[in-house]
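The values are calculated or read from the model by the stated rules, or taken from the named source; none is laboratory data. Every value quoted in this text rests on a predicted model; they were computed, and no experiment measured them. Please note: Cβ atoms are built from the backbone with ideal geometry, for glycine as well, and neighbour counts cover all protein chains shown.
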Amino acid sequence: MRRFGRSLLPEINPKDADMGRASRLITMLGVGLLATTFTSPARGDQAQAGTPGLGRFYTQQLSWTGCGGGFQCAKLTLPLDYRDPGGETIQLAVIRLRAGGGKRIGSLVTNPGGPGGSGLEFLRGDSVAFGSALRAQFDLVSFDPRGVGESAPVRCLTGPEQDAYFAVDDSPETKAEEKALKVADRKYLKACETNSGHLLPYVGTLNAARDMDVLRAALGDERLTYLGFSYGTYLGAVYADLFPKRVRAMTLDGAVDPALTDNEASDSQGAGFDVAYTAFVKDCFKAANCPFEGRTVAKAFAETKKLLKRADRKALPSTTDGRKVTEPVVLIGIQAAMYSADSWPDLRDALARGFKGDGTALQALADFYNERRPDGTYSNLDDAFRAINCADRPRGASVTTRPRSVSSGENGGKPELFGDYFSDGEDTTDSCAAWPAKPSPVPRSLPAKGSAPILVVGTVRDSATPYKQAKALARQFDSGVLLTFDGDGHTAFLQSGCVKGQVSAYLLTGKTPRNGTVCASGT
């Protein structure tokens, strides 16, 4: 099926460590609103604590225990199904770092994206990067959303099974490749149903947003202060639309536009990765070890495509435990480095080795992208990514088929690499049609009427969430404010001092920067 990149913070990406495989089964976020057998929560402020059966969840006390490094951890009890609050419950893993001095404002809740990214791992790895001002006055809080990490995780394949699945060509050009892909996808779907079928109907973003409101209450905060990255912007937007009066301050960095159709989302993301790859190639020209020395950007794209075709004909060898580096593994390895310019030196080396017939370094980048551990097991990032997206997407969504060589032209006629793959029209019917659980679709319009101002941050050359999506989301909100970072990479808060300063001031005071403020590259 089609390829799509996950949307997750670069600090837990590739070499630093997310972002899994471009999904075969689903788009990043092609959500829409259709009638289903599931009932979505009413929009606007909801007195959930007063809803019969939910009061006990809203009034629970978290029992915090030390969990190393100065952090405290707790479990938040939630209904598996909000329509049946007296039924089965699940527990969300929550982590916090207490405010370190100064006048405490409350809790700053964060989500790193995905969907499927672990908030626990994120906060452990990046709490220092939030800066002294926020750490002094807020308890920094994150959590693994339902279906993710330590919170009732969705599980499908074993490690060896995932190795084999990721290596299958998902842009088939022969009958044999088509058959192999169909067999692999059927096996994957069956494994998800067998191992996690009881969870799959309940892991969507609507439920995650409701969970976050219960968490807000359990933390003792009257209103939510939130910083969401990438897919975390989507979670934040859903929360603000459901509970607008409970938003104190909300920053959404690396924004997802919920209004996009499947094809629009894939075209937008494909164009975004092509913009990022163009920036990588231009930067490569300045480096001593650039494998494209003396070439043009167009020539570099052409040579990269030849490498992919070479791996399609015959997998590249790798010294990494005997695995073969197939075409999709090469593409994922390249894609992995598009989330952060810090990974570009690694990609230069990996491509140079790949052109010489050695796929080891590209395999290593792909392993980081897929969160493959040294022991051959994987986090549940990929499984959660697919499960959450298919829970959010309506069945029977209209998706038009187009030839693989034709995309939306979002890149303005510039060289394409990812655009070719992301616009693959071989199987662009409803890509969640065979998913073994009914969906709970999210509305494609999330205006969050009545909310406090919401600050949307967009990076001009963002790969996974292109800048135009940030502009669209800011316009969609009744109270949206746009802050722009004229830079590279996915998300801006943790790489731009200017953005961090503007965001921190807003989260602390509630006063947004002027709409349209731009932070220059390098600031």
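Before moving on, here are some points about what is shown:
- Condition met for Lys449 (assigned to a helix (DSSP H, G or I), at pLDDT 95 or above and of a type in the set (Lys, Arg)): no
- Selection status of Ala474, more than 23 Å from Ser340 (Cα to Cα), touching a Lys or Arg at 6+ places or on another chain (Cβ under 9 Å) and of a type outside the set (S, T, N, Q): no
- Condition broken by Ser230, with the remaining ones in (1) farther than 17 Å from Asp211 by Cβ; (2) surrounded by fewer than 24 Cβ atoms within 10 Å (Cβ to Cβ) satisfied: (2)
- Just one residue in the set Arg124, Arg98 is touching an Asp or Glu at 6+ places or on another chain (Cβ under 8 Å) and within 30 Å of Val499 (Cα to Cα); that residue is Arg98.
- One residue from Ala433, Ala464 being at pLDDT below 95, touching a His at 6+ places or on another chain (Cβ under 8 Å) and assigned to a loop (DSSP other than H, G, I, E, B): Ala464
- Just one residue in the set Thr174, Thr158 is more than 25 Å from Leu235 (Cβ to Cβ), at pLDDT below 95 and among the polar types (S, T, N, Q); that residue is Thr174.
Matching residues to (1) under 17 Å from Asn207 (Cα atoms); (2) surrounded by 24 or more Cβ atoms within 10 Å (Cβ to Cβ):
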position: Leu97; (1), (2): no, no
position: Gly119; (1), (2): yes, yes
position: Arg124; (1), (2): no, no
position: Glu150; (1), (2): yes, no
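- Residue check for Val330: of a type in the set (A, V, I, L, M, F, W, C) and assigned to a loop (DSSP other than H, G, I, E, B): no
- Selected residue (criterion: modelled with the highest pLDDT) from residues of region 38-76 that are within 27 Å of Cys390 (Cα to Cα) and part of a helix (DSSP H, G or I): Phe57
- Residue identified as farther than 19 Å from Phe493 by Cα, touching a helix residue (DSSP H, G or I) at 6+ places or on another chain (Cβ under 9 Å) and at pLDDT 95 or above among Val141, Val94, Val109: Val94
- Counting the residues of region 81-114 that are under 16 Å from Arg146 (Cβ atoms) and of a type in the set (Ser, Thr, Tyr) gives 2.
- For the residues Gly516, Gly497, Gly501, Gly450, the requirement of being free of Cβ contacts under 8 Å to residues at least 24 places away in the same chain and either surrounded by fewer than 17 Cβ atoms within 10 Å (Cβ to Cβ) or over 20 Å from Gly270 (Cα atoms) (or both) singles out Gly501.
- Residue within region 255-271 that is under 30 Å from Arg216 (Cα atoms) and surrounded by fewer than 19 Cβ atoms within 10 Å (Cβ to Cβ) present: yes
- Residues in region 301-327 that are surrounded by 19 or more Cβ atoms within 10 Å (Cβ to Cβ), part of a helix (DSSP H, G or I) and among the aliphatic types (A, V, I, L, M): Leu307, Leu308, Ala311.
- The residue pairs whose first member lies in region 277-300 and is farther than 15 Å from Phe355 by Cβ, whose second member is assigned to a loop (DSSP other than H, G, I, E, B), and whose beta carbons are closer than 7 Å, counting only pairs six or more residues apart or on different chains, are Tyr277/Leu417; Thr278/Lys414; Phe285/Phe292; Val297/Pro415; Ala298/Pro415.
- Selection from region 279-296 of residues that are surrounded by fewer than 17 Cβ atoms within 10 Å (Cβ to Cβ) and touching a Lys or Arg at 6+ places or on another chain (Cβ under 7 Å): Ala287, Asn289
- Region 354-366 - residue that is touching a Pro at 6+ places or on another chain (Cβ under 9 Å) and in a helix (DSSP H, G or I) and, of those, surrounded by the most Cβ atoms within 10 Å (Cβ to Cβ): Ala366
- Qualifying residue in region 370-388 (condition: under 25 Å from Ala180 (Cα atoms), aliphatic (A, V, I, L, M), assigned by TED's automatic domain parsing to the domain that holds Val275 and assigned to a helix (DSSP H, G or I)): no
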